[in-house]
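Let me begin by presenting the structure, written as structure tokens, before commenting on it.
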Amino acid sequence: MSLPFIEAALRGDLEAAGAELDVALPDDFGDDVHVLHLRRDQMRADETVRPWLLRVMIPRVGPRRAVGRIGFHGPPDAGGRVEVGYTVYPEHRRQGLATEATLALFAWARAVHGITRFRASVSPTNAPSLAVVRKLGMTRTGVQWDEIDGEELVFDLDL
């Protein structure tokens, strides 16, 4: 997602945002305002972080419509680890899209940037995301507190 894409979504102009990627966006696309503000601010501070941030999930077949979003929280940390975050919109869940998109994002990070260390933080009550991290072969390595999301279980994968 480009800076103009995110800014249009935050204004509620989903037509302009969708035009950036030639994709139809759901009416509630801009509802996760906190994440959009956070990633917008990261890009405003340093445009080079853009490839690490948000991407729209679009099916390979059928109409070009957003079925979710995925991205890293930022570029690799000092230890060379990136943290993934994803959302699949309710009507598209339980089809393996989060797993497929996460594997593709990990493959991109590995092939293009040599990244082999990945992290995901998941609410202990988020059964679908817990299933995704298990499918990915991630190992629970800790617990943390997020000021917005509350308790999160931390999972790591080193390839």
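Taking every DSSP beta bridge that has both ends in the chain, the antiparallel portion is near 80%. Distance between the 7 Å Cα→Cβ label points at Ala104 and His92: 0.9 nm. Relative to the current alpha-carbon distance between Arg140 and Arg81, full extension at 0.36 nm per residue lengthens the span by 19.7 nm. Length gained on full extension, Ile148 to Leu10, computed as 0.36 nm times the residue gap minus the Cα-Cα distance: 47.8 nm. For the chain, the 222 nm mean residue ellipticity estimated from helices alone, with every DSSP H stretch of n ≥ 4 adding -39500 (n - 2.57) and the total spread over all residues, rounds to -10500 deg cm²/dmol. Compute the Cα gyration tensor for segment 32-131, then decide on rounded, prolate or oblate, letting a ≥ b ≥ c be the square roots of its eigenvalues: rounded whenever a/c is under 1.5, prolate when a/b is larger than b/c in the other cases, and oblate in all that remain. Rounded shape, in that the Cα axes give a/c under 1.5.
Once R0 is set to 30 Å, what does the formula 1/(1 + (r/R0)^6) return for the Cβ-Cβ distance between Val112 and Asp41, expressed as a FRET efficiency to the nearest 0.05? Working from the Cβ atoms, E equals 0.80. Choose one answer from Gly74, Gly142, Gly30: the residue with the largest mean-square fluctuation in a GNM of the chain with alpha-carbon springs under 10 Å. Among Gly74, Gly142, Gly30, the largest GNM mean-square fluctuation belongs to Gly142. When you filter the trypsin sites (Lys or Arg not before Pro) in segment 1-42 for DSSP loop state and at most 12 other Cβ atoms inside 10 Å of their Cβ, nothing is left.
A short reminder: the numbers here are calculations on the coordinates, not readings from a lab. All values reported here derive from a predicted model rather than from experimental measurement. Here the Cβ is made from the backbone with ideal geometry for all residues, glycine too, and neighbour counts use every protein chain on show.
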